Amino acid sequence: RAAVEIGSMGKSYGPTVALDSVTLDLRPGEVHALLGENGAGKSTLVKALSGIVRPDRGTMRIEGRDYRPRSILDARSSGVATAFQELSLLPNLSVAENLLLPRLPKRGLGLSSASATCRSAEEILARFDLDHIDPSAPMASLALADRQRIEIARAMLHATRLLVLDEPTAALADVEWLFSLVRAIQAKGTAILYISHRLGEVRALCDRATVLRNGRSIATVDLAGASDAR
Ligand code: ADP
Ligand code: ADP
């Protein structure tokens, strides 16, 4: 059965119809591209899945259960995490704090123990092949590409059911870093929604693609076999 089901979703901003009727199913472990011109409604759909925007109508289900996230943290607690195009990191906090907060207290590590925080942030950075990043550095001191990598790594840490990647390669020169991580997450059965303007990436990475136009999902196509590399 579907990991994520979106049915007839609609959302308007005042008189502007951002989403008219979007219907979309994601299978477990599938990388599903979301394509569409500027203004098609991609950002609004991402925000609805991420708990930032409340849809006016329609349904969202995760593994068969009604899903109505009220905030980014609420979405995360349902196993849905998003790497935002505009990045959602807190610039004045350290890399470690951005990676570990606010989940840290729940795991009982405690905020007072800065060294414990940094040690486990170091482990996370190593796991994501980001050892060159100092966990105690302020987020704002990192190069844009490293900020984007941290945004992606943090989303991957939390996304047990659905990972949303919104233009994840905008600042990345080395897409292979991202692709190998995506494939590992896919292998664990997490569904991935991949928003990109770069059709070469979509062909190389995605199993299916859905096209949005004027707030409607107008077509879903199978990309299996589209790339010789897979
Ligand atoms: P994208 O690269 O995702 O197409 P956009 O440039 O369309 O980004 O939008 C950037 C941000 O501005 C999004 O968060 C979107 O929701 C918001 N936005 C887009 N159009 C408007 C608008 N007319 N009024 C206010 N916010 C808008
Ligand atoms: P995309 O990400 O595909 O560019 P968006 O979801 O950003 O599409 O935008 C869909 C439509 O909704 C566009 O007409 C956009 O201008 C409008 N829109 C998006 N966000 C807002 C907002 N916060 N306020 C008003 N209009 C918005």
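What follows draws every value from the coordinates through simple rules; no lab data is involved. Because the structure is predicted, anything quoted here is derived from the model rather than measured. Positions of Cβ are backbone-derived with ideal geometry, glycine not excepted, and every protein chain shown enters the neighbour counts.
What the table below lists for this structure:
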| item | result |
| --- | --- |
| Among ASP174, ASP166, ASP207, residue whose mean-square fluctuation peaks in a GNM of the chain (springs only between Cα atoms under 10 Å) | ASP174 |
| Selected from HIS197, HIS32, HIS132 as most flexible by GNM, with the chain as the system and alpha-carbon contacts under 10 Å | HIS132 |
| Environment charge at ALA48 (Cβ cut-off 9 Å; Lys +1, Arg +1, Asp -1, Glu -1) | +3 |
| Radius of gyration and Dmax over the Cα atoms of the chain, both given in Å | 17.6, 52 |
| Radius 10 Å from Cβ of SER141, net charge of other residues (Lys, Arg +1; Asp, Glu -1) | -1 |
| Shape metrics for the stretch 146-230, restricted to C-alpha atoms - Rg then Dmax, Å | 13.0, 35 |
| Likely footprinting exposure, TYR13, TYR194, fewest C-beta neighbours within 10 Å first | TYR13, TYR194 |
| Order of PHE128, PHE84 - criterion: other Cβ atoms within 10 Å of each residue's Cβ, fewest first | PHE128, PHE84 |
| Sum of side-chain charges, VAL4 neighbourhood, beta-carbon under 10 Å (Lys, Arg +1; Asp, Glu -1) | -1 |
| Sequence of LEU87, LEU93, LEU178 once ranked by neighbouring C-beta atoms within 10 Å, starting from the fewest | LEU93, LEU87, LEU178 |
